[in-house]
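Asker: What follows is a single structure, and I will ask about it in a moment.
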Amino acid sequence: MIYLFCMGAPVFLGHWLYTLHSQVQPNWIAPAVVPMFCLMVLYWERRWREGARGVVGWLGTGLIIGLAAVVLLHAPEIVGKVVGRPLPSDKDPLRRVRAWRATAGMVSAARDRLLAEGKPVFIVVHHYGITGLLSFYLPEARPAAGREPLVYSALGPAPENQFFFWPEYRYRNFRKGQNAIFVIEADLPPYPLKAWFQSVLTGELGPLPAKPAPERFLWPVQWEFESVKDLGVFPVFDRGQVYRWVQLVECRNLR
């Protein structure tokens, strides 16, 4: 049990303490889950054999709560079927994995319009995670796997993600004179839970959050091209709700 504790507790407690300084993502503690789970099983199995009371009851309670959480996190649409009103998109625990096919379709359409000018068009994204998602969901990006990429992450002077260390993702070295679509995911305006509960009770949908303002500072990308044209911020829908706002910028003639 000491071994399992040493494998899991430092990771969990270390990230918990780090939350006092900066934001921590829930998946960062994943390496601690398996050893801590095994530690829990061994500890309570020993207590059960020693005759401790209430072990079975606590086990059943934990399984029921855990099952409910797993079902809700993997199928949040159940909430809509039960109460008659789906969760707001910003409260959906699966929001980060939804609507990416529609997002890729929007980016692809913007690229096709710029392609009509007769020059090659690549894609630059403000976040490395979205770079990978668009590379997967854009059909025209998949054949490029292992060769020249179509989707790139915006790179600064210092390393901020792994793409900085991959020479093939330094588009400045390979795309001179070409055009690009710059993609920014805007923050999703929150829909207050109070307003959602009121809509459940009254059956009337409250006022929706306002459209986010365009990003004025277009990262270093705006200085890398001869001209940029902000196309605006567009909603991406999924299941009848706005799940994402995407700002698209046409960039012409990479310097």
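The values are calculated or read from the model by the stated rules, or taken from the named source; none is laboratory data. Note that the coordinates shown come from a computational prediction; the quantities given were computed from them, not determined experimentally. Here the Cβ is made from the backbone with ideal geometry for all residues, glycine too, and neighbour counts use every protein chain on show. Just the protein is used for accessible areas: all its heavy atoms, side chains included, with ligands, DNA and RNA removed. Shrake-Rupley method; radii C 1.70, N 1.55, O 1.52, S 1.80 Å.
Asker: Excluding the sites themselves, what is the longest stretch of the chain that contains no GluC sites (Glu not before Pro) in a DSSP loop with at most 16 other C-beta atoms within 10 Å?
Answerer: Answer from the scan: 51-116.
Asker: Might you tell me the accessible area per residue for the chain, computed with a 1.4 Å probe and given in Å²?
Answerer: Accessible area per residue, the chain: 63 Å².
Asker: Let me ask something additional. Can you sort ASP187, ASP230 by solvent-accessible area, 1.4 Å probe, largest first?
Answerer: ASP187, ASP230
Asker: Please return the longest range in the chain lying between exposed loop sites, taking chymotrypsin sites (Phe, Trp or Tyr not before Pro), DSSP loop only, at most 15 other beta-carbon atoms within 10 Å, and leaving the sites out.
Answerer: Between the exposed loop sites, the longest stretch runs 1-173.
Asker: Residues of region 108-131 with the amide nitrogen closer than 12 Å to a label point 7 Å from the Cα of GLN178, along Cα-to-Cβ, please.
Answerer: Those under the cut-off are 119-124.
Asker: Output ³J(HN,Hα) for region 17-30: one whole-Hz value per residue in order, computed from phi by the Karplus curve 6.51 cos²θ - 1.76 cosθ + 1.60 with θ = phi - 60°, and x for Gly and Pro.
Answerer: Karplus-based 3J(HN,Hα) across region 17-30 equals 5, 5, 5, 6, 10, 8, 6, 10, 7, x, 6, 5, 8, 3 Hz.
Asker: List the residues, sorted by chain then number, that are 5 or more residues from PHE225 or on another chain and whose placed amide H is less than 5 Å from its amide H.
Answerer: ARG255
Asker: Looking only at GLY57, GLY232, GLY14, which one moves most when the chain is put into a Gaussian network model with springs between Cα atoms under 10 Å?
Answerer: Fluctuation is largest for GLY14.
Asker: Note the angle between two axes, namely the Cα long axis of helix 100-115 and the longest principal axis of the Cα atoms of the chain, as a number of degrees from 0 to 90, rounded to the nearest 10.
Answerer: So the inclination is approximately 10 degrees.
Asker: I'd like the accessible area for LEU201, computed on protein heavy atoms only with a 1.4 Å probe and all protein chains in place. Round to 10 Å², please.
Answerer: About 150 Å², rounded to the nearest 10.
Asker: Right, something else. For the chain, set up a Gaussian network in which alpha carbons nearer than 10 Å are linked by springs, and say which option among SER227, SER135, SER108 fluctuates the most.
Answerer: Per the Cα network of the chain with a 10 Å cutoff, SER227 tops the list.
Asker: Return the calculated 222 nm mean residue ellipticity for the chain, to the nearest 500 deg cm²/dmol, obtained by summing -39500 (n - 2.57) across DSSP H runs with n ≥ 4 and dividing by the residue count.
Answerer: -13000 deg cm²/dmol
Asker: Give the relative contact order (percent, whole number) for region 42-172; include only Cα pairs under 8 Å separated by 6+ residues.
Answerer: The value is 14 percent.
Asker: Sequence gap at least 6, Cα distance under 8 Å: using those rules, report the relative contact order of the chain to the nearest whole percent.
Answerer: Relative contact order, the chain: 17 percent.
Asker: Say each of TRP219 and ILE78 gets a label point 7 Å from the Cα, pointing the same way as Cα to Cβ; how far apart are those two points in nm?
Answerer: It is 3.8 nm.
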